[in-house]
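In what follows, a single structure is set out as structure tokens and then discussed.
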Amino acid sequence: MGLSAEQQDLRDAVRGLLGSAGQEPWPRLCREVGVAGLAIPVRYGGAGAGPAETGLVMEELGRDLTPSPMLGSAVLAAQALLATGDEEACGRLLPAIADGSATAALAWTTRAGRWDTDDVACAARSFGGGGWELDGEAHYVLDGEDADVLLVAARGPAGVGLFDVDPAQDGVHRTAAVAMDAARRLAVVRLTGARGQPIGGDATAALRSARDLACLALSAEQAGAARRALDLTVGYTMTRVQFGRVIGSFQALQHRLADLHVLVESARSLSRSFAAATGDAPRLGLRAAAAKVYCSEVLMRTAAEMIQLHGAIGITWEHQAHRYLKRAHGGLHLFGPPAQHAAAIAAAIIDR
């Protein structure tokens, strides 16, 4: 899928900055490119762009597995807040998220990691004066250990609600989770009588919309990572000599690389086309599920082939191949495993 001139400029700006920014590019990405506010409306300090532009940034972040709070803060948490339609909460929280001066985290799922609105980890109860207290333990909270804004999905007497919780209070305990992918910062957030401010709107619909948009953003990251993993593998086969020839000249390896190229390009096309079609709200969930399943599997296969085609060096700690395989494994289960999304697609088709 082709890019507009503006989208090409955005991609080039992000790629150029990532190539020169060093170990912590996030502040410069926010300050010089405005990536944190891309999909946030102008009235809240954002750029008013959409998932297509967010996807381009995610592709570039995925290329070199750059650690950043883009997925957890600018996509998942920010879009959940926006989807509630609560003007007061959006006006209070989104400007700082949009300019990157604050990061946000959404505490939602249980240890099972289904990211389903029937599987929220926390419970809310009201007490005198209209206040709310929250209890529970949320897992896989993206960038949750040091987020400035903490949104919590919790089940109350009237169903699931979304709450703004001050992460600095005594009732909030945040612990970094040991993840296979060290570049993906996850946390466990434990609430014990934590005070929370309810956010208006339909929280269930907001959570579903945010998860779907996060799946699309993740699929873009996976497509970018798969593209880079393949490029590195092709480059290696053009320099590694075996039996007096570069191994890239062997037809069997050429066929394997050609198959990977088709998979990687189709994953990128699928992710971009679905991100550009998010205006079709009734089909957003199915498209997000399809992108999650396909791009997860493409990155998994590409990363596995990267290990195989690099030979012995591919399994060493010093080589970066293992980082792509770990990202593939982690992304496979983030926002629900592929089998869960495939089942949702099958159910929708059967119901027709």
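For every residue, the table says whether it meets (1) closer than 14 Å to Leu299 by Cβ; (2) among the charged types (D, E, K, R); (3) at pLDDT 95 or above.
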site	(1), (2), (3)
Leu218	yes, no, yes
Gln222	yes, no, yes
Asp231	yes, yes, yes
Thr239	no, no, no
Gly248	no, no, no
Leu257	no, no, yes
Arg268	yes, yes, yes
Ser271	yes, no, yes
Ala277	no, no, no
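Ile307 falls short on exactly one of the conditions (1) buried (at least 17 other Cβ atoms within 10 Å of the Cβ); (2) under 19 Å from the mean Cα position of the chain (by Cα), and that condition is (2).
Could we say that Leu82 is closer than 23 Å to Gln320 by Cβ and hydrophobic (A, V, I, L, M, F, W, C) here? Walk me through it before giving the result.
Numbers: closer than 23 Å to Gln320 by Cβ: no; hydrophobic (A, V, I, L, M, F, W, C): yes.
It is false that Leu82 is closer than 23 Å to Gln320 by Cβ and hydrophobic (A, V, I, L, M, F, W, C).
Pull up the range 178-203, narrow it to residues that are of a type in the set (A, V, I, L, M, F, W, C) and assigned to a loop (DSSP other than H, G, I, E, B), then point me to the one that is farthest from the chain's Cα centre (by Cα). Steps first, please.
Our first condition is that a residue be of a type in the set (A, V, I, L, M, F, W, C); within the range 178-203, this holds for 178-180, 182-183, 186-189, 191, 194, 199, 203.
If we keep only those that are assigned to a loop (DSSP other than H, G, I, E, B) too, we end up with 178-180, 182-183.
Details: Val178: 18, Ala179: 15, Met180: 16, Ala182: 15, Ala183: 12 Å.
Selected residue: Val178.
Being crowded, with 21+ Cβ neighbours inside 10 Å, assigned to a helix (DSSP H, G or I), outside the structural domain of Asp164 (by TED's automatic domain parsing) and without any contact (Cβ under 8 Å) to a residue 60 or more places away in the chain: is that true of Ala52 here? Quick ask: steps written out before the conclusion?
Numbers: crowded, with 21+ Cβ neighbours inside 10 Å: yes; assigned to a helix (DSSP H, G or I): yes; outside the structural domain of Asp164 (by TED's automatic domain parsing): yes; without any contact (Cβ under 8 Å) to a residue 60 or more places away in the chain: no.
Criteria not met by Ala52.
Within the range 115-167, the only residue that satisfies the criterion of being in contact with a strand residue (DSSP E or B) (Cβ under 9 Å, 6 or more places away or on another chain), of a type in the set (A, V, I, L, M) and surrounded by fewer than 16 Cβ atoms within 10 Å (Cβ to Cβ) is Ala123. Any residue that is touching a residue at least 60 places away in the same chain (Cβ under 8 Å), over 23 Å from Ser266 (Cα atoms) and loosely packed, with under 13 Cβ neighbours inside 10 Å - is there at least one of those in the range 14-32? The answer is yes; a qualifying residue exists.
Listed here are the residues, each with its yes/no results for (1) in contact with a strand residue (DSSP E or B) (Cβ under 9 Å, 6 or more places away or on another chain); (2) modelled with pLDDT under 95; (3) surrounded by fewer than 22 Cβ atoms within 10 Å (Cβ to Cβ).
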site: Leu61; (1), (2), (3): no, no, no
site: Leu76; (1), (2), (3): yes, no, no
site: Gln79; (1), (2), (3): no, no, no
site: Gly85; (1), (2), (3): no, no, yes
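Any chance the range 254-263 includes a residue that's touching a Ser or Thr at 6+ places or on another chain (Cβ under 8 Å), assigned by TED's automatic domain parsing to the domain that holds Glu305, surrounded by 19 or more Cβ atoms within 10 Å (Cβ to Cβ) and under 22 Å from Gly72 (Cβ atoms)? Looking for residues that are touching a Ser or Thr at 6+ places or on another chain (Cβ under 8 Å), assigned by TED's automatic domain parsing to the domain that holds Glu305, surrounded by 19 or more Cβ atoms within 10 Å (Cβ to Cβ) and under 22 Å from Gly72 (Cβ atoms), one finds none in the range 254-263, hence no.
Search the range 310-346 for residues being among the basic types (Lys, Arg) and surrounded by fewer than 22 Cβ atoms within 10 Å (Cβ to Cβ), and hand back the single one that is farthest from Arg63 (Cα to Cα). Among them, the one singled out is Lys326.
The values are calculated or read from the model by the stated rules, or taken from the named source; none is laboratory data. As the structure is a prediction and not an experimental result, all values here were calculated from the model. Methodologically, a virtual Cβ is constructed for each residue, glycine included, from the backbone with ideal geometry; neighbour enumeration extends over all protein chains shown.
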